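K.L.:
Sharing a structure here in structure tokens format.
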Ligand code: COA
């Protein structure tokens with residue numbers, strides 16, 4: 001974080017109405033209303049909230065959840081344990097973990113209302129639009145209704161985390177003219193999702209690989225979708241509204257949509273021999289390479305370290321390392337040419353492909369994991385809330401005379 005005023009300049013927020021004619025009042029307001037405006041747009045390096053959930057050190061390439069290093073969590077934890085950690089701010093005991101696992105299994109089922117809606121959504125909407133609409137619609141049948149206390153919000157959070165895999169899998173089965181696969185209560189979260197999606201119980205390696213990606217994606221400080229969720233929560237709007245907004249923000253290619261775009265790029269490159277030239281050409285055209293660069297990390301994204309390894313391992317296991325090899329060349333050229341590191345989305349693309357996940361479901365799977373973090377952030381926001389309402393710096397014209405419409409000319413309009 002920057003200290004002092006470096007990276008900021010002094011600006012002035014909009015003057016409140018009235019009294020602008022009195023010089024003494026204007027002078028006072030000007031002094032009082034002076035604000036600091038960051039040099040760069042996009043709220044870069046602006047701290048928007050305090051959180052106990054996750055932390056990033058962009059220079060050292062560190063990420064932690066509640067103080068636990070992401071490498072330890074990726075190596076030893078499970079998604080269910082991370083859900084507990086994010087929602088209770090401590091690791092569970094064995095009994096507590098089993099309780100969380102049971103609750104996530106019990107809440108997988110969606111209401112008849114959502115199942116009926118899914119037939120239309122599967123026929124007519126893209127996967128992320130389906131997810132956004134379904135989560136919004138789920139509020140109509142949540143057993144806690146409009147209850148807004150913390151216990152109700154925790155229950156809503158667990159239901160949303162539990163049902164997201166069901167929504168994605170059911171949508172995919174219906175749009176491909178296959179029968180939905182019921183949840184298997186014997187399978188944990190990641191394995192059950194693959195089973196419901198592909199109609200085949202995954203082996204342990206595949207289930208574990210997906211589980212690791214869910215752990216890696218579960219939370220990531222004040223990213224665009226989490227910020228969106230917290231802004232919505234700060235108005236004291238409900239949990240489902242906040243998560244619906246978060247999904248909408250995640251949908252864009254500069255955020256969650258990047259993993260899908262990264263895989264489309266790998267497909268477009270198609271062949272290892274083509275990779276170097278393809279990237280050089282793309283960079284020459286000033287094209288952004290999806291899955292590279294990050295607002296906060298200035299070194300390797302620690303999540304990419306695990307995903308690179310998984311991409312290689314899953315490729316070797318399937319006897320097809322083409323996507324991993326193309327990815328390695330892309331990584332090398334982008335580093336040489338632009339000095340940019342891969343972010344979480346780059347190697348996630350080939351990992352998800354190796355697991356049999358269709359390209360357009362890669363962003364929904366990001367949501368499937370991140371809903372753990374979003375819901376925890378929403379509860380954190382409610383528990384110490386102040387409306388998030390930043391300033392804007394007005395840069396338009398001032399003191400414009402209001403002309404009656406008959407007196408306005410084309411020239412004045414241009
Ligand atoms: N490919 C090529 N150039 C890139 C790049 C990429 N993926 N990411 C950043 N750059 C370049 C920009 O063109 C810019 O160059 P310039 O100064 O010559 O104009 C410079 O690096 C700074 O980029 P900027 O877009 O200002 O950084 P940001 O902090 O606003 O953006 C991202 C961060 C993530 C939005 C950006 O890196 C990006 O668009 N990456 C691709 C999408 C992606 O992978 N998103 C997932 C993020 S987890």
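The values are calculated or read from the model by the stated rules, or taken from the named source; none is laboratory data. Since the structure is predicted, the reported quantities are computational estimates derived from the model, not experimental observations. For neighbour counting, all protein chains shown are included, and Cβ atoms are generated from backbone atoms with ideal geometry for every residue, glycine included.
K.L.:
For segment 316-332, check the following and say yes or no: at least one residue is in a loop (DSSP other than H, G, I, E, B), on the phi < 0 side of the Ramachandran plot and within 15 Å of the ligand (Cβ to nearest atom). Steps first, please.
P.N.:
At the first step, the residues of segment 316-332 found to be in a loop (DSSP other than H, G, I, E, B) are 319-321.
Filter again for on the phi < 0 side of the Ramachandran plot, leaving 320-321.
Checking the rest, the ones that are also within 15 Å of the ligand (Cβ to nearest atom) come to none.
No, segment 316-332 has no match at all.
K.L.:
While we're looking at this one, here's another question. Considering segment 73-102 alone, what residues qualify as being part of a helix (DSSP H, G or I) and touching a strand residue (DSSP E or B) at 6+ places or on another chain (Cβ under 9 Å)?
P.N.:
Passing the criteria: 73, 82, 85, 86.
K.L.:
Checking residue 357 against (1) assigned to a helix (DSSP H, G or I); (2) modelled with pLDDT of 95 or more; (3) out of contact with any strand residue (DSSP E or B) (no Cβ under 7 Å at 6 or more places or on another chain), which test does it fail?
P.N.:
Checking residue 357 against (1) assigned to a helix (DSSP H, G or I); (2) modelled with pLDDT of 95 or more; (3) out of contact with any strand residue (DSSP E or B) (no Cβ under 7 Å at 6 or more places or on another chain), the one that fails is (1).
K.L.:
Follow-up question, since we're still on this one. Being modelled with pLDDT of 95 or more and assigned to a helix (DSSP H, G or I), is that true of even one residue in segment 64-71?
P.N.:
yes
K.L.:
If you go through segment 248-269, how many residues are more than 14 Å from residue 361 (Cβ to Cβ) and away from the ligand (no atom under 11 Å from the Cβ)?
P.N.:
Total meeting the criteria: 6.
K.L.:
Would you say residue 358 is in contact with a helix residue (DSSP H, G or I) (Cβ under 9 Å, 6 or more places away or on another chain), crowded, with 19+ Cβ neighbours inside 10 Å and at negative phi?
P.N.:
So residue 358 does not fit the description; no.
K.L.:
Given 236, 214, 210, 197, which one is over 30 Å from residue 180 (Cα atoms) and either in contact (Cβ under 8 Å) with a residue 60 or more places away in the chain or touching a strand residue (DSSP E or B) at 6+ places or on another chain (Cβ under 7 Å) (or both)?
P.N.:
Going through 236, 214, 210, 197 in turn, the sole match is 236.
K.L.:
Filter segment 391-412 down to the residues that are free of Cβ contacts under 8 Å to residues at least 24 places away in the same chain and part of a loop (DSSP other than H, G, I, E, B) and list them by number. Working first, answer last.
P.N.:
Taking segment 391-412 first, the residues free of Cβ contacts under 8 Å to residues at least 24 places away in the same chain are 395-412.
Hits for segment 391-412 are 395, 396, 397, 398, 399, 400, 401, 402, 403, 404, 408, 409.
K.L.:
Please go through segment 282-315 and give me each residue that is within 9 Å of the ligand (Cβ to nearest atom), outside any loop (DSSP other than H, G, I, E, B) and more than 19 Å from residue 222 (Cα to Cα), ordered by number.
P.N.:
282, 283
K.L.:
Additional query: Quick one: would you say residue 108 is farther than 24 Å from residue 221 by Cβ, at pLDDT below 60 and away from the ligand (no atom under 16 Å from the Cβ)?
P.N.:
The answer is no for residue 108.
K.L.:
With respect to residue 387, determine if the residue is within 16 Å of the ligand (Cβ to nearest atom), in a loop (DSSP other than H, G, I, E, B) and surrounded by fewer than 22 Cβ atoms within 10 Å (Cβ to Cβ).
P.N.:
no
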